[in-house]
Each structure stands twice: as C-alpha cells, then as structure tokens.
1. Once label points are set 7 Å from the Cα along Cα→Cβ at both Tyr84 and Arg127, what is their separation, rounded to one decimal in nm?
2. Suppose every K and R has +1 on its Cβ and every D and E has -1 on its Cβ; what is the size of the dipole of the stretch 244-381 about the Cα centre, in Debye to the nearest 20?
3. For Gln106 and Asp68, what is the calculated FRET efficiency with R₀ set at 51 Å and r taken between the beta-carbons, to the nearest 0.05?
4. Using +1 at the C-beta of Lys and Arg and -1 at the C-beta of Asp and Glu, which of Val284, Leu86, Ile325 has the Cα lying farthest in the positive direction of the dipole of the chain?
5. Between the stretch 379-411 and the stretch 249-324, how many Å separate their Cα centres?
6. Could you tally the net charge around Gly98, taking each other residue with its Cβ under 13 Å from the Cβ of Gly98, Lys/Arg +1 and Asp/Glu -1?
7. Figure the gain on full extension for Arg154 and Gln2 (residue separation times 0.36 nm, minus the Cα-Cα span) and round it to one decimal in nm.
8. For the stretch 313-383, what is the charge dipole size about the Cα centre, in debye to the nearest 20, if Lys and Arg each add +1 at the Cβ and Asp and Glu each add -1 at the Cβ?
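The values are calculated or read from the model by the stated rules, or taken from the named source; none is laboratory data. Every value quoted in this text rests on a predicted model; they were computed, and no experiment measured them. Don't worry about glycine lacking a Cβ; one is built from the backbone with ideal geometry, like all the others, and counts go over all protein chains shown. These accessible areas exclude ligands, DNA and RNA; they are computed on the full protein's heavy atoms, side chains included. Shrake-Rupley method; radii C 1.70, N 1.55, O 1.52, S 1.80 Å.
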Amino acid sequence: MQIVRIAGGGKLAGRVAISGAKNAGLPLLAACLLTTDEVTLRRMPELNDIRFMAEILEYLGCDMTRTDDRITVRARSLNQDPSYELVRQMRASICLMGALVARNGQVKMPLPGGCVIGQRPIDLHLRGLQKLGCEITIEGGLVCVSARQLRGARIFLGGRYGSTVTGTANVLSAAVLARGTTIIQSAACEPEVVDLCHLLTAMGAKINGIGSPTLEIEGVDSLHGADHAIIPDRIEFGTFLLLALITGSCLRLPRDVAPLAGAVIDSLEQAGAIFEVDGEDFVVRGDRSELRPMELTTLPFPGFPTDLQAPMSVLMTQIPGVSLITERIYPNRFMHINELCRMGADITMEGATSIIKGRRALSGAPVMASDLRCGAALYLAGLAASGETTVQRIYHVDRGYDHFEEKLAKIGARIQRQRADEVETL
Ligand code: EPU
C-alpha cells in the first residue's frame, strides 16, 4: 500500500502543463470500437482509468499500441463481452455499451455497482438505447442489450439532476450507426461530449448542434479511421488554479484551457481573484488575502463542475467569513469534509450544502482519499497546512491525475510517495 507524504506551508511557483482530459479519453476510446479501421488518439493522459479502459479494449479483441501520449486502436473483430472482473474496476466502462451494441448488435455487460460519491443509476442510458430500438433485460447482474437494427428516434435524456455525460456519449455512439435521424434533447453539453462529437465527425458521423443540448444525428452505414487530439483536462486546470490560490503562490497554466473553465474563473473573479494573461500563459497570482467568501452550486456544464467541489471547499477554508457550496449533481459527494475537519477546518453540513467557516489554519494530519476528487482536495489541503500530511488510498488519485506528484514537485511542493511501512522525515 502506498501513501503520499506532504510537507505543507511552502510557496509554489512555475508553469504547469495540463494533460488530456480523462473524461474525454474514456468515451473516445470506446468510440474506437465503431470502426474496423485504425483510430489514433493523441494527448492521451497516463492514468489508471485509461489503462483499465485500454485493457478492456484489448480483452474485447482490439489491437492496441501506445507510444508516449498516443494510443492507436484497431477493432478489427470484437469477440467477447466485457467481463465483470474488468468492468468492476472502473464505473466508466459503462460508456462501452453504446458502441458495442452499434458494432455487434448486442452486448452483455455487468451492471456497474454503487459508488462512494453516491447512487449512480444508468436508467437514462438504457432508456435512450431502448428508444433506438434496443431490447434490454437484466439477468444475473448483467444488462443485456440487443437490437436487430438500430433506428433513429427522438430521445429526451434529461434526468432529475440534469443531463447525463456518459449517457449522452452512449446514446450518441449508438445513434451514429442507426438507420435514420436521431434527435437527442437535453444532451450533456460538457466539453468532453463535444470532443466525442468531433472524433465521431472525423470518423464520418453526421452530427448537428454540437455543443448544444439538442443533437441531431443522421445515421451512416459505417465509420472510418481518424486521428484526433483529446481536449485538455479542465478539471486538472481548475485544480492547479485553486492550488495557487490556496497556497498563495504564483502559477502559470496554459491559456488555451481557460475557456473550458469559465464558471470556475468567473466565480473566483467575483470573489476577488485576479488573473492575467501573459503570452501563452494564464497567470494566477495567488493572493488570497483579497478573497471574499463565496456561495456556489455545482451544475452541469457550463455551470460550476462537481469535480471541483472538493478542491474549491479547501480554498473556502482559507477565506475569512462563511462560504457555502451546494452539490446538485451528486448530493452525497462530501467524503472530503470529515477529512478536512480532521485537519482543523470548520465545516458543517446542511443537506447537500457545506457551510465553511474560513480562515482557520489547517494543520497536517493523516487523512484518507475516498474518491478521486476527495484525494486531490486532500493533496491541496496538505500543501496549505502546517506540518506533515499523509494521504492514504492514493490509488484514487492515480486514476485521474496524470503525474500529479511530479507536476507538484516541479513547482516546488515537498511531496513524496512511499510504501506505508517506510517512514522517513521529508
Ligand atoms: N443520472 C441518472 N440516471 C442516469 C445517469 C445519470 O439519474 O442514467 C444522474 C446521476 O446520478 C447524477 C447526474 O445524473 O446525479 C449526472 O450524472 P452523469 O451521468 O452526468 O455522470 P457520469 O457520466 O456518470 C461523468 C464523469 C464524472 C463527472 C460527471 C458529472 C466520466 C467518466 N465521469 O460521470 O467524473 O463527475 O460526469 O460531470 O465522464 C470524476 O472525474 O471524478 C467523475 C466522477
């Protein structure tokens, strides 16, 4: 078991490179199954979730090659369904369903189980596929989806908490090879869905309304190979932006990612943060003494992203006054709160809202990551805290942040990965 040890309290400085987006890379890899030609995906982040997905594609029968940040997939023939052993390692493997049914006419997939950030149903994915003509049954923990011929349809994909990102990816991936026209209403508008649309278009799909909540898809008989660069990770960008403010440091981030993080930048500017553009850099001069408390609600894109709720909570602990953050996508995604309180934060919960009384200094403590974004928040808290923080269960962080510790060390963080049984002073 590995842990990360962080000696907090220091200032950081420098430029941080932002990797390709995990949540684009996963559905894009699934989309490679839609053609027998070769598809090359560039700027693929080095992450455990991407490795799991690549392993699943290989298991299904794809030829895969990886060189640096480039993955080439050739799905000449797909000879088996994903196994429970593989799928249970990563919930996002659900986004293979649409492509597999489009390609093979049927698929049996283990139903993804629960998740620490709350209930994560797939009813909208299934409803969308049913509208496209799929028959769906659930047997022995497997969801069995089959269609003799996918047919275009009008599909409303909105749910109780808004649109669904991987649900839109699934329905879209099936609709591109359906006969006739599909209209998806309340489609997710996340940049990762837009990126999938761009890959599918490069493969020969016909999609109108890209980036809007209404996608119109004219089915085609077949798709061909493509070469595509994945969009940068707006959540990684937001995490480093918040890190600069949390630690009072000056960091430079690639300017071209900023348009994907509009809600984050705007809420911080309203709270008094000042950002500058210098050539290709987006410069964050982390002077948190000027920041005022915030009231935020997480929302589907272009609103404030749920994936930055936990890191934003860390910043709120450092701003004098009371800040509120309400979670509208996953009302139970608050596993970081108790860990932050163990580091000295003053946070109480009222339903899906955390009430954060800021400006109590954080002090290092042993803490535990229970999911990816909780883990990232604890790294940030550890870097702001006095003394040493040890973070356990860092495998969650390895799923979604590309070379996180290396990037942090490069800007001056005192951070070290160790086996839990090896203890030395940093
Ligand atoms: N929902 C339903 N029914 C469905 C699907 C979703 O009710 O069939 C609900 C969910 O329970 C949730 C809301 O709709 O309340 C939104 O869920 P969505 O389906 O959009 O989430 P997802 O596609 O499973 C992706 C990201 C998440 C990110 C969310 C929201 C991937 C692989 N995952 O999940 O990323 O938080 O969108 O933006 O793209 C992460 O990276 O840490 C992460 C959890």
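1. 2.8 nm
2. I would put it at about 460 debye.
3. Working: r = 36 Å, r/R0 = 0.71.
Calculated value: 0.90.
4. It is Ile325.
5. 19 Å
6. Details: positive: Arg103, Arg127, Lys131; negative: none.
Residues close to Gly98 contribute a combined charge of +3.
7. Details: separation 152, 0.36 × 152 = 54.72 nm, distance 4.87 nm.
Net length gain for the segment: 49.9 nm.
8. Working: 7 positive and 5 negative charges, 26 e Å.
In debye, rounded to 20, the stretch 313-383 gives about 120.
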